[in-house]
Protein chains: 2
Amino acid sequence: MNLEWKKISEESLKAGYRKYLKRIFLMPDGRTEVYDVKDEGKVCCVLALTKKNEVVIAKQYRPGPEKVLFELPGGLVDTGETPEEAIKRELLEETGYTGNIEFVGTSLRCAYSTGIRYHFIARDCEKIQEPQLEENEFIEVELMPIEEFRKHLSSGNLSDVATGYMGLEYLGLL
Amino acid sequence: MNLEWKKISEESLKAGYRKYLKRIFLMPDGRTEVYDVKDEGKVCCVLALTKKNEVVIAKQYRPGPEKVLFELPGGLVDTGETPEEAIKRELLEETGYTGNIEFVGTSLRCAYSTGIRYHFIARDCEKIQEPQLEENEFIEVELMPIEEFRKHLSSGNLSDVATGYMGLEYLGLL
């Protein structure tokens, strides 16, 4: 079976602070279909471990699920920044911790999004300063034992499950 | 630190086929902030294994990343349907396979989305009919050995990483 779709056109549109792409595809059966694809950039996220194998958690309110979550540090990769630079900056700004950062891999945010998630681990993390939070960030840092974090991954209260498992896999901890 | 935001108002808006919610929050420091949250529903996804421990893959083109991916079966939970009913239907429609389905858990699709992903495993899957594809679905079924699937999870060519790892964890296969 021919599975390939062929993009005929693409229009960049805005919806409040969000962006999306109206893409028209020629389908394998000759029909055309319109898809409104989320125009989302690169995000980065890190499984950061202290020397005692505790996970550095950025406890914060999330406006999608509307509750306080025990999340992993991370955020948007800014223009002109590499994902590695972004995650080092985010970890330090959000938590005050830094460590030896290694790139783990990427994953696709959603089949209907252009977004890519860059996953990292950080070893031997230590607190070297107070967090430098942005105006709309309210974050409390927690250290979670790694066994508890592994249970947390299946709790339903995390938007960073892929980073958690990919990081543990990379570290040989699964 | 007080981490809670208080929602002051919410407006439901459309952007093409997409929906979003303009939410205004009172922040812990007394300011107000506007967030355009993706208004996304329930989706379901399954790690479906045959008796030979092969993963049932729905190979298909994805309009976000614009390429053919080896994805897990799944889709939207329709109105009036439970997630369990939805995943049984999606697995059968997309692949022609059915099996013993068990609920694994949920995860949050994104910190800026209302969407919840329902993860399932299916044991002892067998093909009982030809796939019943919808008009805009072009799917080829592949069976992938589970060792190969575990590598595939870190390949960057998958939007279902959480389902894969949560399913393997649930099955005691990590």
* Restricting attention to segment B:82-92, does a residue exist that is modelled with pLDDT of 95 or more, within 14 Å of chain A (Cβ to nearest Cβ) and within 22 Å of the chain's Cα centre (by Cα)? -> yes
* **strands (runs of 3 or more DSSP E) wholly inside segment B:1-66 containing at least 1 residues that are over 22 Å from the mean Cα position of the chain (by Cα), surrounded by 14 or more Cβ atoms within 10 Å (Cβ to Cβ) and within 8 Å of chain A (Cβ to nearest Cβ)** => B:6-15, B:18-26, B:32-38
* How many residues, within segment B:67-81, are within 12 Å of chain A (Cβ to nearest Cβ) and small (Gly, Ala, Ser)? -> 2
* To do: Consider only pairs whose beta carbons are under 7 Å apart and that are at least six residues apart or on different chains; among these, list those whose first residue lies in segment B:74-87 and is within 18 Å of B:Thr163 (Cβ to Cβ) and touching a residue at least 60 places away in the same chain (Cβ under 8 Å) and whose second residue is surrounded by 14 or more Cβ atoms within 10 Å (Cβ to Cβ) and of a type outside the set (Asp, Glu).
  => B:Gly74/B:Val43; B:Gly74/B:Cys44; B:Gly74/B:Cys45; B:Gly74/B:Val46; B:Gly74/B:Ile87
* Please specify each residue of segment A:149-170 satisfying the condition of being free of Cβ contacts under 8 Å to residues at least 60 places away in the same chain and more than 9 Å from chain B (Cβ to nearest Cβ). => A:Lys151
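For (1) over 17 Å from B:Ala111 (Cβ atoms); (2) in contact with a Lys or Arg (Cβ under 6 Å, 6 or more places away or on another chain), each residue gets a yes or a no:
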{"site": "A:Ile116", "(1), (2)": "no, yes"}
{"site": "A:Ala122", "(1), (2)": "yes, no"}
{"site": "A:Pro131", "(1), (2)": "yes, no"}
{"site": "A:Glu135", "(1), (2)": "yes, no"}
{"site": "A:Phe138", "(1), (2)": "no, no"}
{"site": "A:Ile146", "(1), (2)": "yes, no"}
{"site": "A:Arg150", "(1), (2)": "yes, no"}
{"site": "A:Ser154", "(1), (2)": "yes, no"}
{"site": "A:Asn157", "(1), (2)": "no, no"}
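The values are calculated or read from the model by the stated rules, or taken from the named source; none is laboratory data. Everything numeric here is computed off the predicted structure, so don't read it as measured data. Reconstructed Cβ throughout: ideal geometry from the backbone, glycine too, with neighbour counts over all protein chains shown.
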